[in-house]
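For reference, the structure is listed below as structure tokens.
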Amino acid sequence: MVRDSLVVAGKDLRVEWRSRILTNQVAPFTLLVVVLFGFALDADTATLRDTAAGLYWVAVLLVAVLAVQRSAAVETADDAHQRMLLSGLEPAAIFLGKAAALFVQLLALEVLLGAAVIVLFDVSVGNVALLLCTAVVATAAIAAAGTIYGVLAVG
């Protein structure tokens, strides 16, 4: 099952790498959301620092919706999801592979988003280990829930 999951994750990551949707559309959208948050709060440095964590996770969730929609759209084109089910792969392996690919994509976007929040909102990170642990666990949860949502949205 692990090998099948890695095959599915590799396929999804290759599709994303070749299409460059993540770098050409989603990453700029991510940065735009952070800049718009700054404008919405009148560039008040104290307010931005106080709300940076919440704004960060709201932006992550917005980006996750885009990434899930993109992943689901790739699978619905030409009934690729039906072919994957007929390939003999276990459904659990397909789920784990798609969630792992989404996890990697979201983690890359979170690094970009985190750097933008630190620079634009003048935020200092107190406990880096806690931040990394929280980001990994939350990203895994968002990727798992997003994968389920994507499958349900496709029908």
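Within the chain, the proportion of Cα pairs with more than 26 Å between them is 31 percent.
The Rg/Rh ratio of the stretch 1-78, with both radii computed over alpha carbons and Rh defined as the Kirkwood radius, is 1.14.
The convex hull of the Cα atoms of the stretch 34-118, projected and averaged over all directions, covers 6.4 nm².
Put a plus charge on the Cβ of each Lys and Arg, a minus charge on the Cβ of each Asp and Glu, and nothing anywhere else: the dipole of the chain about its Cα centre is then about 420 debye. Take the Cβ atoms of TYR149 and ARG3, set R0 to 25 Å, and the FRET efficiency comes out at 0.45.
Of all the options ALA77, ALA99, ALA59, the one that moves most in a Gaussian network model of the chain with Cα springs shorter than 10 angstrom is ALA77.
Largest accessible area first, the listed residues PHE39, PHE121 line up as PHE39, PHE121 when surface is computed with a 1.4 Å probe on the assembled protein chains. For the stretch 72-155, taking the reciprocal of the average inverse distance between every pair of different Cα atoms yields a Kirkwood hydrodynamic radius of 14.7 Å.
log₁₀ I(q)/I(0) of the stretch 78-119 at q = 0.15, 0.18, 0.25 Å⁻¹, via Debye over equal Cα point scatterers, no solvent, to two decimals? Normalising to I(0) and taking log10 leaves -0.52, -0.62, -0.82. Think of the chain as having a plus end and a minus end, set by charges on the Cβ of Lys, Arg, Asp and Glu; of ILE21, THR45, ALA141, ILE21 sits farthest toward the positive end of this dipole. Per q in 0.27, 0.29, 0.30, 0.32 1/Å, what log10 I(q)/I(0) does a Debye calculation on the alpha-carbon atoms of the stretch 13-54 return? Cα-only, vacuum Debye calculation for the stretch 13-54: -0.86, -0.93, -0.96, -1.02. Using alpha carbons only, the radius of gyration of the stretch 60-103 set against its Kirkwood radius gives Rg/Rh = 1.01.
The values are calculated or read from the model by the stated rules, or taken from the named source; none is laboratory data. Just so we're clear, the structure is a prediction, and the values are computed from it rather than from any experiment. Here the Cβ is made from the backbone with ideal geometry for all residues, glycine too, and neighbour counts use every protein chain on show. Remember, those area values only see protein heavy atoms, side chains included, never the ligands or the DNA or RNA. Shrake-Rupley method; radii C 1.70, N 1.55, O 1.52, S 1.80 Å.
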